[in-house]
Amino acid sequence: MQTLHLTHNENDIQTAGKILSEGGLVAIPTETVYGLAANALDGAAVAKIFAAKGRPMDNPLIVHIADFSDMERFSLVREIPEAAYRLAATFWPGPLTIIMKKGSAVPDAVSAGLDTVAIRFPAHPLAQAVIRAAGVPLAAPSANLSGSPSPTSAKHVLHDMDGKIDAVLDGGLCAVGLESTVITLVTEVPRVLRPGGVTPEMLSEALGEVEIDDAVIHQLPEGAKAASPGMKYKHYAPKANVILLKCGDGDFIDYVNRSAGRGVAALCCDEDLPLLHNVKAISLGRRGDYGAQAHNLFDSLRRIDGYGDVVTVFSRLPSPDGVGLAVYNRLIRAAGFEVIDLEQS
Ligand code: AMP
Ligand code: MG
């Protein structure tokens, strides 16, 4: 299959909409990462997403809408809880996914057999335009091969998906750079299943009490059932082995410099660059600027693979507050939960 390269003109948006309404796959830009979209109401189209990504069938997809009213119009949810109105008023359109009881029109392939469905109203004007052009809600996971870092540019998408999908619509770089925050409203207390640009602190302000699922920062015990199936997989990983260091700033520099040599890289902060020697160092942004670090993380993980000869990558364990929690969650999965605690040793 030849993958069409579309841009943001009206003709191309209509082409993307037509491919989608006919059951094809189009990668589209959103403010979080690029999504691999299919008609969410068409089980056969959705099945192609799983095949193209190599995604485990038990990992459900997020349904993207272009208006709050689409949830009722397309029978996507059984009912809209009061909390969803409050969340939507503050955070939609935007990088927040809300899990509710599933409606009658959602195929099992989308929800991976669960009785719930994840819904998001993206803010990116191109994502909205393509959903409207398709005339249906779009199921769209991140447009990467399963297990590798999510794509934040059309170039990343083509690296993984060229020849496997009908088209990619190039909308430049994604602003947030990490996938949406996922919150479920089917638990007694609303619970964050995946952290993102909308932080638990912001959610509590809108809703009152909010819980954070254990799987956000901890490794699930072998065989445990994940509230969010996606959280149980090794994820976002470059080919090199990522190791996180829990330590102060000086100790990070000392440890990495002592390990320096062939095959060693560091994902660090701007302030570290002049202090690291004999290591391939990529800065994620200024120290403590987790918005910038989120924006740069996946591109940096892919750049490490581009070097070809990196065996080990060291990074700091981020502070798990605000957007830092989202960076923590992605990095610790990229590292397969491998943390060296220098404070204890
Ligand atoms: P992705 O689209 O690749 O960003 O992944 C979507 C994420 O949302 C995965 O971690 C899924 O496990 C999660 N998700 C989607 N639908 C549900 C659902 N109904 N219940 C719980 N988690 C969900
Ligand atoms: Mg993904």
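Residue count for region 19-32, restricted to those that are outside any strand (DSSP E or B) and either within 14 Å of the chain's Cα centre (by Cα) or within 14 Å of ligand 2 (Cβ to nearest atom) (or both): 4.
Scanning region 106-156 for residues that are without any contact (Cβ under 8 Å) to a residue 60 or more places away in the chain and either within 15 Å of Ala45 (Cα to Cα) or small (Gly, Ala, Ser) (or both) yields a count of 2.
Residue-wise test of (1) within 14 Å of ligand 1 (Cβ to nearest atom); (2) under 21 Å from Leu284 (Cα atoms).
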site: Lys164; (1), (2): no, no
site: Asp170; (1), (2): no, no
site: Thr181; (1), (2): yes, yes
site: Glu188; (1), (2): no, no
site: Glu201; (1), (2): no, no
site: Glu205; (1), (2): no, no
site: Ala226; (1), (2): yes, no
site: Asn241; (1), (2): no, yes
site: Leu245; (1), (2): no, yes
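Is there a residue in region 288-305 that is away from ligand 2 (no atom under 16 Å from the Cβ), touching a residue at least 60 places away in the same chain (Cβ under 8 Å), over 29 Å from Lys155 (Cβ atoms) and open to solvent by 20 Å² or more (accessible area, probe 1.4 Å)? The answer is no, given that none of the residues of region 288-305 is away from ligand 2 (no atom under 16 Å from the Cβ), touching a residue at least 60 places away in the same chain (Cβ under 8 Å), over 29 Å from Lys155 (Cβ atoms) and open to solvent by 20 Å² or more (accessible area, probe 1.4 Å).
The residues of region 274-287 that are open to solvent by 10 Å² or more (accessible area, probe 1.4 Å), at pLDDT 95 or above and hydrophobic (A, V, I, L, M, F, W, C), listed by number, are Leu275, Leu276, Ala281. The residues of region 194-243 that are within 16 Å of ligand 2 (Cβ to nearest atom) and at pLDDT below 85, listed by number, are Ala226, Ser228, Pro229, Gly230, Met231, Lys232, Tyr233, Lys234, His235, Tyr236, Ala237. The single condition from (1) touching a Ser or Thr at 6+ places or on another chain (Cβ under 9 Å); (2) away from ligand 1 (no atom under 12 Å from the Cβ); (3) among the charged types (D, E, K, R) that Asp214 fails is (1).
Going by the structure shown, is Gly113 modelled with pLDDT under 95, within 13 Å of ligand 1 (Cβ to nearest atom) and surrounded by fewer than 24 Cβ atoms within 10 Å (Cβ to Cβ)? Before the answer, list the steps.
On the way: modelled with pLDDT under 95: yes; within 13 Å of ligand 1 (Cβ to nearest atom): yes; surrounded by fewer than 24 Cβ atoms within 10 Å (Cβ to Cβ): yes.
Answer is yes for this residue.
Residues in region 125-134 include none that are in contact with a strand residue (DSSP E or B) (Cβ under 8 Å, 6 or more places away or on another chain) and within 10 Å of ligand 1 (Cβ to nearest atom). Among the residues of region 233-278, those that are touching a helix residue (DSSP H, G or I) at 6+ places or on another chain (Cβ under 7 Å) and basic (Lys, Arg) comprise Lys234, Lys239.
Out of everything in region 144-164 that is within 15 Å of ligand 2 (Cβ to nearest atom) and hydrophobic (A, V, I, L, M, F, W, C), what residue ends up being surrounded by the fewest Cβ atoms within 10 Å (Cβ to Cβ)? Out of the qualifying residues, it is Leu145. Here are some conditions: (1) within 11 Å of ligand 1 (Cβ to nearest atom); (2) basic (Lys, Arg); (3) surrounded by fewer than 19 Cβ atoms within 10 Å (Cβ to Cβ). Arg120 meets all but one. Which one does it not meet? (3) is the only condition that Arg120 fails.
The values are calculated or read from the model by the stated rules, or taken from the named source; none is laboratory data. Computed from a prediction, not measured in an experiment: that's the story for all the values here. Please note: Cβ atoms are built from the backbone with ideal geometry, for glycine as well, and neighbour counts cover all protein chains shown. Please note that ligands, DNA and RNA were not included when accessible areas were found on the heavy atoms of the full protein model with its side chains. Shrake-Rupley method; radii C 1.70, N 1.55, O 1.52, S 1.80 Å.
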